[in-house]
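Take a look at the structure below.
The values are calculated or read from the model by the stated rules, or taken from the named source; none is laboratory data. Keep in mind that what you see is a predicted model, and the values were worked out from it rather than measured. Here Cβ is always computed from backbone atoms with ideal geometry, including for glycine, and neighbour counts include all displayed protein chains. The protein model used for the area step is the full one, side chains on, heavy atoms only, and it has no ligands, DNA or RNA in it. Shrake-Rupley method; radii C 1.70, N 1.55, O 1.52, S 1.80 Å.
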Amino acid sequence: MIRYLSPFLLQTFVWIPTWIVLGLCGRFRVYGKENLKGLSRGVIFAANHGSELDPILVPASLNPFSAVTPIFYVAREREFYEKDGFSKYIYGGLWFKLWGAYPAYTGKKDYSFSLQEHIKILNAGKSILIFPEGAKTKNGEVGNGKGGVAFLSYTTGVTIVPVAMNGHFKMSPADFFLRRHSLVLTYGKPIYPKELFPQGDTPTPDEYKAAAQVVMGKITELYRVISSTT
């Protein structure tokens, strides 16, 4: 099916040049990949959101032929990008979907409806990348998460892998090409649905939000370790 094939082809095609550019210009470093061992199907990568580079850094850090690639994305609806000038020609359209990004339908107060595309993707054994904060950070810190990440894990039974990224907040193109920043990505230990919902009962919206904060807490821990060493 083309929705699953095109992200694999595109992400594989650009993997080598992307890695080279990130390594040379961004001094890109990746830690914690040992935490991905034994994950034989798709996972939910839950990451902090500090830059437009984020959707590129995660697939660039992984072997394109691994069990957890290609990466699909939880994006915003196309209307969200209409106010972003040139971005509206890139985000939310056909190219976005070919890369593997599908929108979460906001304002519905129904996770099953809002994340319907991502449920299908996870149930097909594919991986998704979600930014639980719902928007880029404004101060460089890791914020609170929305309940969707926990809902997806509970509904599909898929493992969450926390991801922390640092070094690119407010980084300009000049900063990147002049190698003024070091980009660092760290994978944390997997978080299994039973850890978030040990009772087994169908969670309430508040319980999904509480579980999302547990995930964000793990991301924050990873982020602080990165910050202390860069």
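The selection criterion, being closer than 19 Å to residue 122 by Cα, among the hydrophobic types (A, V, I, L, M, F, W, C) and touching a Leu at 6+ places or on another chain (Cβ under 8 Å), holds for residue 163. Residues in the stretch 74-119 that are at pLDDT below 60 and either aromatic (Phe, Trp, Tyr) or within 15 Å of the chain's Cα centre (by Cα) (or both) were compared, and the one that is most open to solvent (accessible area, probe 1.4 Å) is 89. Can you name every residue in the stretch 209-230 that is more than 25 Å from residue 24 (Cα to Cα), open to solvent by 30 Å² or more (accessible area, probe 1.4 Å) and in contact with a strand residue (DSSP E or B) (Cβ under 6 Å, 6 or more places away or on another chain)? The one that is more than 25 Å from residue 24 (Cα to Cα), open to solvent by 30 Å² or more (accessible area, probe 1.4 Å) and in contact with a strand residue (DSSP E or B) (Cβ under 6 Å, 6 or more places away or on another chain): 218.
One residue stands out in the stretch 120-134 among those that are out of contact with any His (no Cβ under 7 Å at 6 or more places or on another chain) and outside any helix (DSSP H, G or I): the one that is most open to solvent (accessible area, probe 1.4 Å), namely 126.
If you filter the stretch 29-44 down to residues that are at pLDDT 95 or above and part of a loop (DSSP other than H, G, I, E, B), you find that the one that is farthest from residue 147 (Cα to Cα) is 32.
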